[in-house]
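The values are calculated or read from the model by the stated rules, or taken from the named source; none is laboratory data. Since the model is a prediction, treat every value here as computed from it, not as a measurement. Note: ideal-geometry Cβ built from the backbone for every residue, glycine included; neighbour counts use all protein chains shown. These area figures cover heavy atoms from the full protein model, side chains too; ligands, DNA and RNA do not enter into them. Shrake-Rupley method; radii C 1.70, N 1.55, O 1.52, S 1.80 Å.
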Amino acid sequence: MLPVLVVHGGAGLIPKERVELSSSGVRSAARGGYTILQGGGSAMDAVVEAVTQLENNPAYNAGCGSVLNVKGEVEMDAIVMDGKTLASGAVSAVRNIANPVQLARLVMDKTSHLCLTAQGAGQFARAMGVIEVPEESLITDYARMRWKKNLAPDANPVESQMGKMGTVGAVAVDVEGNIACATSTGGMLNKMEGRVGDTACIGCGGYADNTVGAVSPTGHGEAIMKVTLARLILFHMEQGQSAEAASDLALATMKSRAGGLGGVVTVDPQGRWAARFSSRQMSWAAAQKDTLHYGLNAGEHFTQSIDDPH
Ligand code: ASP
């Protein structure tokens with residue numbers, strides 16, 4: 001099996017001055033996750049590594065760099081899913097931790113539940129010895145500036161929907177043919193306190209099944225949930241569509257039926273992959289064999305050697 005790892009850094013409209021940051025971060029996270037696959041590691045370890053790197057990168061709306069809720073606080077959602085067993089773990093509205101994706105994995109590995117939320121998720125994190133970090137360490141000046149700007153009475157609602165994303169996610173197939181996905185986000189800018197988005201919901205913000213493939217979505221969470229985007233894509237693949245065609249079909253449904261824009265990274269069990277979006281932009285990168293593929297604008301597809309560190 002030819003392993004593959006595909007990551008995204010969020011669908012939306014990426015401000016010009018952040019394009020390079022957004023693109024270089026996904027390339028380096030794809031390399032980081034792929035190194036695990038090259039060493040014979042599991043798809044689950046690879047997607048968690050890639051998403052952890054993106055959470056630690058303040059350029060994205062996940063972990064440090066998360067957007068703020070209406071009260072100016074950080075509440076994060078994350079999910080992982082293992083396509084071999086259909087095991088999954090998620091957290092929602094979680095605070096004061098650097099890597100929600102790792103807590104989601106602990107929910108999968110150490111509990112009989114699929115999702116823990118808010119204070120309960122926090123208690124579980126403490127019980128697992130996850131280090132608590134001050135909220136301030138997760139908030140960037142950029143996130144605070146966007147929060148304030150968006151509270152203004154003349155804030156542009158379209159801008160606020162699509163200009164403020166940067167959720168991160170990854171899908172992978174390992175040498176044994178096992179498939180996994182992981183997604184992590186700070187959610188939608190100025191969301192209500194306690195809002196749970198698609199990212200914490202199985203079938204919406206992620207799904208992995210060794211017999212069909214895996215998907216990690218990004219975009220307008222409420223619209224993603226209305227069409228259960230990740231599972232809808234896999235449904236189309238079960239009906240014989242390619243990863244690319246299935247992704248496009250489901251994103252079109254999300255736009256026409258739920259009025260939402262977004263993007264996805266998708267893989268199938270043969271290691272064929274797609275990075276597709278209906279939003280203006282989505283930074284993505286895919287690592288397979290000796291090549292790193294990447295892009296950000298519609299139709300863009302660049303390649304470089306996997307060993308090229310830039
Ligand atoms: N889907 C995320 C959410 O609604 C946001 C995003 O992907 O940018 O929480």
Discussion item. I'm checking my understanding of the structure. Among residues of the range 203-228 that are more than 19 Å from LEU13 (Cα to Cα) and not in a loop (DSSP other than H, G, I, E, B), which one is nearest to the ligand (Cβ to nearest atom)?
Written reply: MET225
Item to complete: Considering each residue of the range 61-85, count those that are under 18 Å from the mean Cα position of the chain (by Cα) and over 30 Å from ALA152 (Cα atoms), and give that number.
Response: 5
Worksheet entry | Breaking point among (1) within 22 Å of VAL47 (Cα to Cα); (2) within 11 Å of the ligand (Cβ to nearest atom), for LYS191 | (1)
Item to complete: Would you point out which residue out of GLY299, GLY271, GLY221 is surrounded by 15 or more Cβ atoms within 10 Å (Cβ to Cβ) and more than 17 Å from the chain's Cα centre (by Cα)?
Response: GLY271
Discussion item. One residue is enough: does the range 54-62 have a residue meeting the conditions modelled with pLDDT of 95 or more, away from the ligand (no atom under 16 Å from the Cβ), among the hydroxyl-bearing types (Ser, Thr, Tyr) and open to solvent by less than 50 Å² (accessible area, probe 1.4 Å)?
Written reply: no
Worksheet item: Between residues in the range 76-89 that are over 18 Å from ALA50 (Cβ atoms) and residues that are of a type outside the set (Ser, Thr, Tyr) and open to solvent by 10 Å² or more (accessible area, probe 1.4 Å), which pairs lie under 7 Å by C-beta distance while being six or more apart or on different chains?
Response: LYS84/ASN178; LYS84/ASN210; LEU86/ASP209; ALA87/MET108
Item to complete: Consider GLU176 carefully, then state whether it is more than 10 Å from the ligand (Cβ to nearest atom), farther than 16 Å from MET237 by Cβ and open to solvent by 10 Å² or more (accessible area, probe 1.4 Å).
Response: yes
Fill in: Boolean, GLY263 is assigned to a loop (DSSP other than H, G, I, E, B) and either within 19 Å of the chain's Cα centre (by Cα) or more than 9 Å from the ligand (Cβ to nearest atom) (or both)
no
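For the range 70-157, give me every one of the strands (runs of 3 or more DSSP E) that falls completely inside it and has 1 or more residues that are surrounded by fewer than 22 Cβ atoms within 10 Å (Cβ to Cβ). Can you show your working first?
Working: elements: 76-82, 87-94, 115-117.
Hits in the range 70-157: 87-94, 115-117.
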Practice prompt. Have a look at SER22, SER66 and point out the one that is within 16 Å of the ligand (Cβ to nearest atom) and part of a loop (DSSP other than H, G, I, E, B).
Written response: SER66
Worksheet item: Hey, does the range 221-238 have a residue that's of a type in the set (Gly, Ala, Ser) and farther than 25 Å from GLU75 by Cβ?
Response: no
